[in-house]
C-alpha cells in the first residue's frame with residue numbers, strides 16, 4: 001500500500017472522538033442547491049451538442065467524461081477522472097501502472113490522445129519543463145493517437161543513459177515541441193546507504209530512498225550494526241524521498257519513539273479521527289540524538305516522519321521546506337469502465353498539523369544549489385562515475401551533512 005494512492009479506506013483502530021468542526025467551516029449545502037446547478041449543466045451540454053461545429057467531439061460520453069475530468073482536476077493535484085482507456089489497465093488490483101520512473105512521468109489516455117498525467121518533480125521530464133496535461137503526440141516518431149495506453153508505455157521504457165524522443169503539444173497552444181529525454185538510473189532499494197561517517201565515526205548515516213516494503217526491518221538491522229560499532233548519534237537522510245508504505249513509516253518511527261505512541265492520524269469527513277500507533281514492543285531503546293535531512297522533493301511518508309520526530313522533539317530537522325503532500329486518495333470504480341481517483345482524507349502529525357500544501361519547515365534551513373542536488377544523487381552510485389566525475393565529487397562538501405554534524409556535536 002503506497003501512501004500516495006491508497007486503494008481501500010484505512011482500517012485502523014479508533015482512539016479519539018470525532019474532532020469538532022472548525023469555527024469558520026463552510027456550512028453544508030442543501031441538496032436542493034444541486035437542482036439548479038444540474039439544470040445549468042444539462043442546458044450547457046445540450047446547447048454545446050446542438051451548436052458546436054466539431055461533430056466528432058460531441059458524444060455524450062466524451063462531453064461528460066471531460067466535464068468530470070475538469071471537476072476533479074479543479075479540486076486538488078491528486079484527484080482525477082480515470083477514462084475507460086486507462087481503467088482497462090487497472091485490472092482487479094485497482095492499481096494503475098502508468099509510470100515511467102526513468103523519465104519521471106506518468107501517462108494518461110482519453111478518447112482523443114495520450115497525455116502526461118503527472119510529472120515527477122525530480123525527473124528528466126521536469127528538468128525539461130514538461131507539464132501535466134501536455135499531449136504526447138509521438139514517441140520516437142511513432143504516432144500515439146491510435147495505440148492503447150499500454151503500448152505507449154512500452155515505447156517509453158529505456159535503460160539508464162538511453163534517450164527517447166517525444167513530440168508534445170501544450171493544449172493551450174498550437175505550437176508543438178520536440179524534445180529528447182535521457183533515462184535516469186532509478187534506485188530500487190529503500191535503504192541505499194548505511195555507514196559511520198569517516199571523520200566522525202560516532203555519527204551514523206542512513207539514506208532512505210523510499211519507504212518500500214520491509215524497509216523498517218532493513219533500517220533496524222542497519223541500526224543494530226552501527227550501534228554495535230559505536231554509533232552515538234544518527235543522521236537520517238530523506239532527501240529526494242517521495243514516500244511509500246505508510247505502515248512501514250509507522251514501524252520506522254517505532255524504532256525511535258516509545259511503544260504505542262500515536263505518530264500519524266487520518267482525518268476523513270464525517271468519521272472519527274483514526275490514529276496510527278507505533279508497535280507495542282521495542283527491541284532496543286535508541287535515545288541518541290537524531291538529525292533528519294529533507295529537501296523540496298521529500299514528500300508524503302518522508303514528511304510524516306520528519307514532522308512526527310520534530311513534533312515529539314525527538315529530532316532536529318535540517319534542509320529545505322518539503323514538498324507538501326499529506327492526503328489520502330481512494331480509487332473508486334464507476335460505471336462505463338471508468339473510475340475516480342479522489343482525495344478523501346488528510347494525514348496529520350502528533351501536533352495536529354498536516355504537511356498537505358504546507359510542507360515541513362526545517363529547524364535549520366539550507367539553500368541547496370544545483371551542484372548540491374547533482375552530487376547528492378551521485379553519492380548513491382559512486383561506482384558508476386567516471387574518474388573525472390569522481391574527482392569532482394570528492395571535492396564537494398554536502399552542506400546538509402556538514403550542518404548535521406555541527407548539530408550533533
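The values are calculated or read from the model by the stated rules, or taken from the named source; none is laboratory data. The structure presented is a predicted model; accordingly, all values stated were derived computationally and were not measured. Positions of Cβ are backbone-derived with ideal geometry, glycine not excepted, and every protein chain shown enters the neighbour counts.
Among the numbered criteria (1) touching a strand residue (DSSP E or B) at 6+ places or on another chain (Cβ under 7 Å); (2) in contact (Cβ under 8 Å) with a residue 24 or more places away in the chain, which single criterion is violated by residue 184?
Going through (1) touching a strand residue (DSSP E or B) at 6+ places or on another chain (Cβ under 7 Å); (2) in contact (Cβ under 8 Å) with a residue 24 or more places away in the chain one by one, residue 184 breaks only (1).
For residues that are more than 20 Å from residue 282 (Cα to Cα) and in contact with a helix residue (DSSP H, G or I) (Cβ under 6 Å, 6 or more places away or on another chain), scanning just the range 240-269, find the one that is surrounded by the most Cβ atoms within 10 Å (Cβ to Cβ).
241
Conditions tested, residue by residue: (1) within 17 Å of residue 109 (Cβ to Cβ); (2) free of Cβ contacts under 8 Å to residues at least 60 places away in the same chain; (3) surrounded by fewer than 14 Cβ atoms within 10 Å (Cβ to Cβ); (4) within 22 Å of the chain's Cα centre (by Cα).
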| site | (1), (2), (3), (4) |
| --- | --- |
| 128 | no, yes, no, yes |
| 139 | yes, yes, no, no |
| 143 | yes, yes, yes, no |
| 152 | yes, yes, no, no |
| 155 | yes, yes, no, no |
| 162 | no, yes, yes, no |
| 165 | no, yes, yes, no |
| 177 | no, yes, no, no |
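Taking the conditions exactly as written (at pLDDT below 90, in a helix (DSSP H, G or I) and farther than 27 Å from residue 210 by Cα), does residue 85 satisfy them or not?
For residue 85, the condition - at pLDDT below 90, in a helix (DSSP H, G or I) and farther than 27 Å from residue 210 by Cα - is met.
Do any helices (runs of 4 or more DSSP H) entirely within the range 318-409 hold 1 or more residues that are surrounded by fewer than 16 Cβ atoms within 10 Å (Cβ to Cβ) and at pLDDT below 95, and if so, which?
Those helices (runs of 4 or more DSSP H) span 370-378, 387-394.
Would you check if residue 303 is on the phi < 0 side of the Ramachandran plot, outside any loop (DSSP other than H, G, I, E, B), touching a residue at least 12 places away in the same chain (Cβ under 8 Å) and assigned by TED's automatic domain parsing to the domain that holds residue 219?
Answer is yes for this residue.
Would you mind stating whether residue 147 is over 25 Å from residue 77 (Cβ atoms) and either in the same structural domain as residue 100 (by TED's automatic domain parsing) or surrounded by fewer than 14 Cβ atoms within 10 Å (Cβ to Cβ) (or both)?
Against the criterion (over 25 Å from residue 77 (Cβ atoms) and either in the same structural domain as residue 100 (by TED's automatic domain parsing) or surrounded by fewer than 14 Cβ atoms within 10 Å (Cβ to Cβ) (or both)), residue 147 qualifies.
Let me confirm something: among 234, 223, 255, which residue is assigned by TED's automatic domain parsing to the domain that holds residue 290, closer than 22 Å to residue 307 by Cβ and assigned to a strand (DSSP E or B)?
Just one listed residue meets the conditions, 234.
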